[in-house]
Amino acid sequence: MASNLTSAARDTHRRELLTPDQASRLARLFKVFASDTRLRLLHALVREDELCVSDLAEAVGMKPQAVSNQLQRLVDRGMLATRREGSHVYYRVNDPCVAVLLERGLCLIECCPG
């Protein structure tokens, strides 16, 4: 294996081969990331720490109801946590691995643009 691998890549390389269950769970996880809307929402939340639906809708140029629907999918998957303040619900990324995965994805599209 190439010596320029990051420590995370080396750790993945050393793991046992994925079991069918792990592969299935990983595929379901990546389906969540297969939406450009959800990726933009997650990226906005990683950058700002916490935002309400109206702020997110403005940031990504979408209607609040459409944003709310996508946020609910991310909450259901456990990627986002919520906090209510009056009539506003604030969303934040629940796991630092989400930010790492987004950063790794951006790294891949920059080095492998095809």
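The values are calculated or read from the model by the stated rules, or taken from the named source; none is laboratory data. All values derive from a computational prediction rather than experimental measurement. Please note: Cβ atoms are built from the backbone with ideal geometry, for glycine as well, and neighbour counts cover all protein chains shown.
List the helices (runs of 4 or more DSSP H) inside the stretch 28-114, counting only whole elements, that have at least 2 residues being touching a residue at least 12 places away in the same chain (Cβ under 8 Å), of a type in the set (D, E, K, R) and in contact with a helix residue (DSSP H, G or I) (Cβ under 6 Å, 6 or more places away or on another chain). Walk me through how you get there before you give the answer.
Values: elements: 36-48, 53-60, 64-76, 96-111.
Qualifying helices (runs of 4 or more DSSP H): 36-48.
So, in the stretch 49-59, of the ones that are modelled with pLDDT of 95 or more and either in contact with a His (Cβ under 6 Å, 6 or more places away or on another chain) or surrounded by fewer than 16 Cβ atoms within 10 Å (Cβ to Cβ) (or both), which residue ends up farthest from residue 91 (Cα to Cα)?
Checked the stretch 49-59; the qualifying residue farthest from residue 91 (Cα to Cα) is 58.
Given the structure, is residue 67 out of contact with any Gly (no Cβ under 7 Å at 6 or more places or on another chain), of a type outside the set (D, E, K, R) and over 16 Å from residue 102 (Cβ atoms)?
Yes; evaluated as a whole, the condition is true for this residue.
Test residue 87 against the criterion of being farther than 26 Å from residue 25 by Cα and of a type outside the set (A, V, I, L, M, F, W, C), and give yes or no.
So residue 87 fits the description; yes.
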